[in-house]
Amino acid sequence: MRVIVDRIENGYAVCELENGSFQTFPMSELPAGCLEGSVLIWEDSAWKLDLSAEIGRKEKVQHLLDSLFEN
């Protein structure tokens, strides 16, 4: 399973699931360094950061922003 951290509120991460729904997880259950926008995968009975997916998402968003503001 892959989730994206949408926001962090009061010690909980509100995450978007692959099906578009949202679920909260205690930050204590997530890996160190987890921030808003982090991509997490469930692997070996634990959440792990998926840095390559996160970088890909950020590049895609940056490309969209760049195309919006081209003159």
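Please treat every number below as a calculation from the coordinates, not as lab data. It should be emphasised that the depicted structure is a prediction, and the values quoted were computed from it without experimental measurement. Ideal geometry is used to build each Cβ from the backbone, glycine not excepted, and the neighbour counts take in all protein chains shown.
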> Inside the range 28-71, can you point out the residues that are touching a residue at least 24 places away in the same chain (Cβ under 8 Å) and at positive phi?
Replying inline: 37
> Limited to the range 10-49, what total is found for residues that are over 26 Å from residue 62 (Cβ atoms) and either of a type outside the set (S, T, N, Q) or in contact with a Cys (Cβ under 8 Å, 6 or more places away or on another chain) (or both)?
Replying inline: 12
